[in-house]
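In what follows, a structure is listed as structure tokens, so that the remarks can point back to it.
The values are calculated or read from the model by the stated rules, or taken from the named source; none is laboratory data. Keep in mind that this is a model prediction, so the values were computed, not measured. Here the Cβ is made from the backbone with ideal geometry for all residues, glycine too, and neighbour counts use every protein chain on show. For the accessible areas, the whole protein counts, side chains as well, though only heavy atoms, and no ligand, DNA or RNA atoms are used. Shrake-Rupley method; radii C 1.70, N 1.55, O 1.52, S 1.80 Å.
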Amino acid sequence: MQMVKAWARERAGPSGYRLAEPGLARDGARQRGQPIPTVTLPPLPALDAYLGQLDRVLAPLGESERQEILQEIRAHLTDSAAAEAGDDAQRAASAIRKLGSARVVGQAYLSESLLERASHGLRPGLTLMGLATALGGGLGMTALGLVFAFGYLALTIVAIATVGKLFVPASGLWLHDTGAWSLSFAAMPHSREVLGWWIVPIGTGLVIGGWLALNRLLRLMLRFALPRPRG
């Protein structure tokens, strides 16, 4: 899972990131079957409370996926706290502050999971749920959610106009005398309908092709929109 691996990175300096733990491939993906190495620390109530909050945010996910995320986050927080100065409470607080609030972290994970599943096919309901969840997943995920929401909304409007032609023959793409264009379900004065019944195959191809292209772009952008630990 791409996002799980993103949290297991620590800043190497102004030029980029270094892998924070062994067992990771060069692209940051954990090699299948390898255990998650962690530094042993005494129980840290603040970390347990944080993971409890995160678990509640991730409740819509399946048990195995949720536990994988919690295990990765616990490993990251424990390793991060071990590298901090101060007593146990101070180190835990510092690690949590660098990672971000449980709500934002959880929303980012949740939206990534939903959008990743939605991007494999035409699944508008799951796409809408993922985009809505992304709005609470940090700045990067919010920006991604807004941009792709606009794209999917535009395709939805085209789909409605395409299907509408089958029930309202007067509907279509209209060119006005002023040079403006509009989609309408009724004849427009001082305008002419330019596509006729061609709007059905053209609209269908545009919606399916556009949706699949947006899905592909979404999977690519998820790699860059995911938040990173600070500092």
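Can you confirm whether the stretch 146-169 contains a residue that is more than 28 Å from V200 (Cα to Cα) and either surrounded by 17 or more Cβ atoms within 10 Å (Cβ to Cβ) or among the polar types (S, T, N, Q) (or both)? The answer is no, given that none of the residues of the stretch 146-169 is more than 28 Å from V200 (Cα to Cα) and either surrounded by 17 or more Cβ atoms within 10 Å (Cβ to Cβ) or among the polar types (S, T, N, Q) (or both).
When the strands (runs of 3 or more DSSP E) confined to the stretch 109-217 are screened for residues that are in contact with an Asp or Glu (Cβ under 6 Å, 6 or more places away or on another chain) and in contact (Cβ under 8 Å) with a residue 12 or more places away in the chain, those reaching at least 1 such residues are found at 172-176.
Just one of (1) in contact with a helix residue (DSSP H, G or I) (Cβ under 7 Å, 6 or more places away or on another chain); (2) among the charged types (D, E, K, R); (3) under 30 Å from Y109 (Cα atoms) fails for R123. It is (1).
Any residue at all in the stretch 59-76 that is of a type outside the set (A, V, I, L, M, F, W, C), modelled with pLDDT under 90 and open to solvent by less than 20 Å² (accessible area, probe 1.4 Å)? Yes. Within the stretch 85-108, being touching an Asp or Glu at 6+ places or on another chain (Cβ under 8 Å) and either within 22 Å of A149 (Cβ to Cβ) or open to solvent by 60 Å² or more (accessible area, probe 1.4 Å) (or both) holds for one residue alone: Q90. Among the candidates W181, W211, the residue that is among the aromatic types (F, W, Y) and either closer than 30 Å to V105 by Cβ or touching a helix residue (DSSP H, G or I) at 6+ places or on another chain (Cβ under 6 Å) (or both) is uniquely W211.
Test R103 against the stated conditions and say whether it is farther than 23 Å from R74 by Cα, basic (K, R), modelled with pLDDT of 85 or more and part of a helix (DSSP H, G or I). In short, no. You will find that of R216, R123, the residue that is closer than 23 Å to P60 by Cβ, out of contact with any Pro (no Cβ under 6 Å at 6 or more places or on another chain) and of a type in the set (D, E, K, R) is R123 and no other.
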